[in-house]
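Here is the structure we will look at.
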Amino acid sequence: MSFNKNLINSFVNITSKAAISCFKYLGKNDKNLADKAATDEMRKNLNLLDIDGKVVIGEGELDEAPMLYIGEKLGTGNGPRLDIAVDPLEGTNFAAKNLPGALSVMAVSKKGDLFHAPETYMNKLAVSADVPFDATDLDFDIEKNVKNIADSKKKELNQITICVLDRPRHADIIEKLKKIHVNVKLITDGDVSGALLVTNKKYNVDAYFGIGGGPEGVLAASALDAYNCKFQGRFLFETDEDKKRAKNMGITDLNKKYDLKDIVKGDSIFCATGITKNEHVNGVILNEGKFITETLVTCKNTLINVVKKEVPAT
C-alpha cells in the first residue's frame with residue numbers, strides 16, 4: 001500500500017505531541033516520568049485515528065507495559081490495517097538530564113510488513129548507501145568490514161569513521177578500530193539515532209557497528225530503507241526465556257542473519273521528532289506561547305523531509 005499525505009501528517013502530529021509532552025520534564029532527572037508522559041500522549045492520539053492498528057514493537061509485553069504493549073490494538077478500527085512500532089522516548093537519560101539526543105520515534109507499515117522483534121539484544125551493522133552491499137557483512141571480522149568500506153570509498157583507513165555505542169561490551173570492537181587507526185564516534189545512548197548517522201555525508205559516519213536493542217533495530221531499518229542504506233541484524237538470545245519468547249513470536253532460526261528486506265517489507269513511514277537537539281533535528285522549543293518541533297519523516301521511495309510544526313502552548 002502507499003500512504004497518503006494526510007495519514008503521514010497524522011503520525012508526524014503524534015510524535016510531535018509526544019515530544020512536547022516531555023518538555024516540562026527535561027532536566028528533572030526522572031526518566032520514567034518523562035517516558036510515561038510521552039507514552040500516554042502517543043497512545044491517546046493513536047487511538048483517535050481511523051486506523052485498525054496493532055503494536056508490533058512497543059514498551060514491552062502486557063505484563064510489563066500497561067500502555068503501548070506488544071499486541072495492543074490502536075485506533076478506531078475503521079481504517080487501514082497497520083503494524084506500528086513505537087519508542088515514545090528514545091534516549092530517556094538524555095531527556096532526564098536535558099542533554100542532546102532525545103527523540104520520539106514511530107514506524108508504521110501495512111499489516112505484516114514490519115518484523116516483530118523480541119525484546120532482546122541484536123548485533124547490528126548499518127552502512128552508508130555509497131558502499132556496495134556485499135562489501136560488508138555481520139559474518140566478516142571488524143577489520144575486513146572497515147577495509148572493504150575504505151576500499152569502496154577510495155579512502156585511507158584514517159579517513160573512515162565508525163559509530164559505536166559506548167558500552168563495556170564493545171571494548172573489543174573499539175580497541176580493534178583504534179588499532180587500525182580508524183576514527184571512532186562514541187555515543188552514550190540513542191541506538192536509533194546512532195544508526196541514522198550513516199544516512200548523510202554531512203554526519204561524516206561511514207558505518208554503525210555493535211550490539212543494541214532489537215526493537216530499535218527495526219525502527220532504524222524503517223528509515224534506513226528510505227535512504228537505500230544497508231542494515232543487517234542478528235538477535236542474541238542469552239536465556240532460555242529469551243529463546244522461548246522468540247519461538248512464540250514465530251522465530252524458528254535463532255541464529256538467522258536478517259537483512260533490511262527481511263525486517264521492512266513494502267512501504268513504511270518513519271517519524272522521529274526531536275525532544276532535545278541532535279544531529280538530525282532540533283529539540284522542542286517554546287517561543288511566544290507556541291511549541292515548535294522538528295520531525296524527520298521518511299516514506300520509502302516517496303518522501304524524506306524535516307517537518308516543522310507549531311503548536312499553541314496551553
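The values are calculated or read from the model by the stated rules, or taken from the named source; none is laboratory data. All of these numbers come straight from a predicted model, not from anything done at the bench. Every residue, glycine among them, receives a Cβ derived from its backbone with ideal geometry; neighbour counts consider all protein chains shown.
Can you find even one residue in the range 79-98 that is in the same structural domain as residue 245 (by TED's automatic domain parsing), on the phi < 0 side of the Ramachandran plot and touching a Lys or Arg at 6+ places or on another chain (Cβ under 6 Å)? The answer is no; no qualifying residue exists. Of the strands (runs of 3 or more DSSP E) lying entirely inside the range 204-289, not one is found with 3 or more residues being in contact with a Pro (Cβ under 7 Å, 6 or more places away or on another chain).
Evaluate the range 38-48: report whether one residue or more is crowded, with 21+ Cβ neighbours inside 10 Å, within 16 Å of residue 276 (Cα to Cα) and at pLDDT 95 or above. Talk me through it step by step, then tell me what you get.
Restricting attention to the range 38-48, the residues satisfying the condition of being crowded, with 21+ Cβ neighbours inside 10 Å are 38-39, 41-43, 46.
Those still in the list that are within 16 Å of residue 276 (Cα to Cα) too: 38.
Right, trim to at pLDDT 95 or above and you get 38.
Yes, the range 38-48 contains at least one residue that is crowded, with 21+ Cβ neighbours inside 10 Å, within 16 Å of residue 276 (Cα to Cα) and at pLDDT 95 or above.
For the residues 242, 253, 259, the requirement of being within 25 Å of residue 92 (Cβ to Cβ), surrounded by fewer than 24 Cβ atoms within 10 Å (Cβ to Cβ) and not assigned by TED's automatic domain parsing to the domain that holds residue 101 singles out 242.
If you check 265, 277 for being over 18 Å from residue 114 (Cα atoms) and more than 14 Å from the chain's Cα centre (by Cα), only one passes: 277.
Filtering 17, 54 for residues that are at pLDDT 95 or above and touching a helix residue (DSSP H, G or I) at 6+ places or on another chain (Cβ under 6 Å) leaves a single hit, 17. Among residues of the range 17-28 that are over 21 Å from residue 308 (Cβ atoms), those with a Cβ under 8 angstrom from a residue that is modelled with pLDDT of 95 or more and of a type in the set (S, T, N, Q), sequence gap 6+ or separate chain, pair up as 27/98.
Inside the range 121-146, can you point out the residues that are touching a residue at least 12 places away in the same chain (Cβ under 8 Å), in a helix (DSSP H, G or I) and of a type outside the set (Asp, Glu)? Selection gives 133, 135, 142, 145, 146. For the range 86-120, a residue qualifies if it is under 14 Å from the mean Cα position of the chain (by Cα), of a type outside the set (S, T, N, Q) and not in a loop (DSSP other than H, G, I, E, B), and the qualifying residues are 86, 87, 88, 89, 90, 103, 105, 106, 107, 108, 114.
How many residues does the range 281-314 hold that are over 21 Å from residue 27 (Cβ atoms), surrounded by 15 or more Cβ atoms within 10 Å (Cβ to Cβ) and not β-branched (Val, Ile, Thr)? Matching residues across the range 281-314 total 5. The condition of being crowded, with 18+ Cβ neighbours inside 10 Å, within 17 Å of residue 131 (Cα to Cα) and in contact (Cβ under 8 Å) with a residue 12 or more places away in the chain holds for only one of 177, 224, that being 224.
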